[in-house]
Amino acid sequence: AGPVLALVGATGAVGTVMIDIINGRESVPWGAIRLIASPRSAGKKITVRGEELTVQALAPEVFDGVDVAMFDVPDSVSAEWAPVAVARGAIAVDNSAAFRMDPEVPLVVPEVNADEVVNRPKGIIANPNCTTLSMMAALGALHREYELRELVVASYQAASGGGQEAVDRLYAEISALAGKDVGVRAGDVREALDAAGLPVSDSPFPAPLALNVVPWAGSLKDEGWTSEELKVRNESRKILGIPDLKVSATCVRVPVVTTHSLAVHATFAREVTVDEAHKLFAAQPTVVLVDDPAEKRFPTPADVVGEDPTYVGRVRQALDFPNTLDFFVCGDNLRKGAALNTYEIAEELATRL
Ligand code: 2RA
């Protein structure tokens, strides 16, 4: 029998996508799969690859005999329980922010730095934040050939990055505003939401999200940066192995349910033509190139949601910046941005166990 895989957080939003991914695989290397969740969800039955599994309550002994334990749970749960899984003999693959910047924990995107999975003194491997992840397959391919030097990005992040509450809020706002003539005067949208009993003070977003864009994701950090913007900077540096990479990010929430997009302005040590970039993207199995400006073909989140690859388009050589490409990427933040990359790390481990 193959190695034993555990999924902690099996009943959560990312855990559910994870089960969908495992069920969709042609084959899996696992001898057995265990589903683990909070005591509240224990006992629930979920079918995985034709077998009905019972969700077990999180406890130290559930990790006995587990080879790889994937964690799709809040930071505080991972911080407490990933080391428990390791103490019981598992390798933990963690999708929270708890360990991402720990120098003793590799931060892995398999198509960029798969070999890092062996450097895990704590027995823990971290999965990056979905915003950073959405551009890594494309950037990693370019960096291998042309040496990335500077990165300026603006994100267009979907509501589901903020969890189910954020998705529910977006739908509620859309329903409340549907068919109304709003957006002519400043404050119209807020007033309409107030009138519908949806004041912004009750929202997970700091401004209306429907019929709007909100330049804010995460929490406030030093000098006006948000946690999300600093994650893009720090995690890009760590994954690509460029500690002094110059990065500037502006993270923006948009009224999209799922799939993050980024406008990327990337400067390399050498000139990259659009043709060369197209060839590299086309050769990268986890990237789909959709770039035909004459036909107005480019990726959009609505066309990419539910897909595994990163979609890339609008590739242009910057007119005023040497050795610089501008392009647009879309990636499903719940799949490659979370569950899929975590699972790909687990698969990578399985080939090396
Ligand atoms: C967001 N990147 O989109 C975060 C989720 N981890 O809010």
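Probe 1.4 Å, all protein chains in place: accessible area of Trp225 in Å², nearest 10?
In the full protein context, Trp225 sits at about 100 Å².
Remind me, relative contact order of the chain in percent, using alpha carbon pairs under 8 angstrom and six or more residues apart?
Rounded, it is 18 percent for the chain.
Which residue fluctuates most in the GNM of the chain (Cα springs below 10 Å): Leu325, Leu177, Leu107?
Leu177
If I stretch the segment between Glu165 and Leu353 completely, what's the gain in nm (0.36 nm per residue apart, minus their alpha carbon distance), one decimal?
63.8 nm
Can you give the accessible area per residue of the chain, in Å², using a 1.4 Å probe?
It amounts to 44 Å² per residue over the chain.
Quote the relative contact order of segment 21-63 in percent (integer), defining contacts as alpha-carbon pairs under 8 Å separated by 6+ residues.
36 percent.
Quick one: among Gly224, Gly31, Gly43, which has the greatest mean-square fluctuation in a GNM of the chain with alpha-carbon springs under 10 angstrom?
Fluctuation is largest for Gly224.
Under a 1.4 angstrom probe, counting protein chains only, how are Glu348, Glu145 ranked by accessible area, largest first?
Largest to smallest exposure gives the sequence Glu145, Glu348.
Could you list, in their original order, any pairs among Lys44/Lys221; Lys221/Lys279; Lys221/Lys336; Lys122/Lys279 whose Cα atoms are separated by more than 29 Å?
Cα-Cα > 29 Å for Lys44/Lys221; Lys221/Lys279; Lys122/Lys279; rest within.
Place a +1 charge on the Cβ of each Lys and Arg in segment 180-302 and a -1 charge on the Cβ of each Asp and Glu, then give the dipole magnitude about the Cα centre in debye, rounded to the nearest 20.
The calculated dipole for segment 180-302 is roughly 220 debye.
Summing -39500 (n - 2.57) over the DSSP H runs of n ≥ 4 in the chain and dividing by its residue number, what mean residue ellipticity at 222 nm do you reach, to the nearest 500 deg cm²/dmol?
Counting only the DSSP helices, I get -9500 deg cm²/dmol.
Hey, how many Å between the Cα centroid of segment 309-331 and the Cα centroid of segment 255-285?
5
What are the aspartates and glutamates whose alpha-carbon lies under 17 Å from the alpha-carbon of Lys296, with same-chain residues fewer than 8 places away excluded?
Hits, sequence-local ones excluded: Asp326.
Sorted by average packing, counted as other Cβ atoms within 10 angstrom per residue and highest first, what order do 181-190, 303-312, 152-161 take?
Top of the packing list down: 152-161, 303-312, 181-190.
Taking the Cα centre of the chain as the origin, how large is its charge dipole in debye, to the nearest 20, when only Lys and Arg (+1) and Asp and Glu (-1) carry charge on their Cβ atoms?
Once rounded to the nearest 20, the dipole reads 220 debye.
Given springs between every Cα pair under 10 Å in a Gaussian network model of the chain, which of Glu150, Glu191, Glu173 has the largest fluctuation?
Comparing Glu150, Glu191, Glu173 in a Gaussian network model of the chain, the most mobile one is Glu191.
Please sort 330-342, 259-271 by packing, taking for each peptide the average over its residues of neighbouring beta carbons within 10 angstrom, highest first.
Highest to lowest by the protection proxy: 330-342, 259-271.
Relative contact order (percent) for segment 35-108, with alpha-carbon contacts under 8 angstrom and 6 or more residues of separation?
Result for segment 35-108 is 24 percent.
Between segment 62-141 and segment 146-223, what is the C-alpha centre distance in whole Å?
Between the Cα centre of segment 62-141 and that of segment 146-223, the gap is 30 Å.
The values are calculated or read from the model by the stated rules, or taken from the named source; none is laboratory data. Since the model is a prediction, treat every value here as computed from it, not as a measurement. Don't worry about glycine lacking a Cβ; one is built from the backbone with ideal geometry, like all the others, and counts go over all protein chains shown. The protein model used for the area step is the full one, side chains on, heavy atoms only, and it has no ligands, DNA or RNA in it. Shrake-Rupley method; radii C 1.70, N 1.55, O 1.52, S 1.80 Å.
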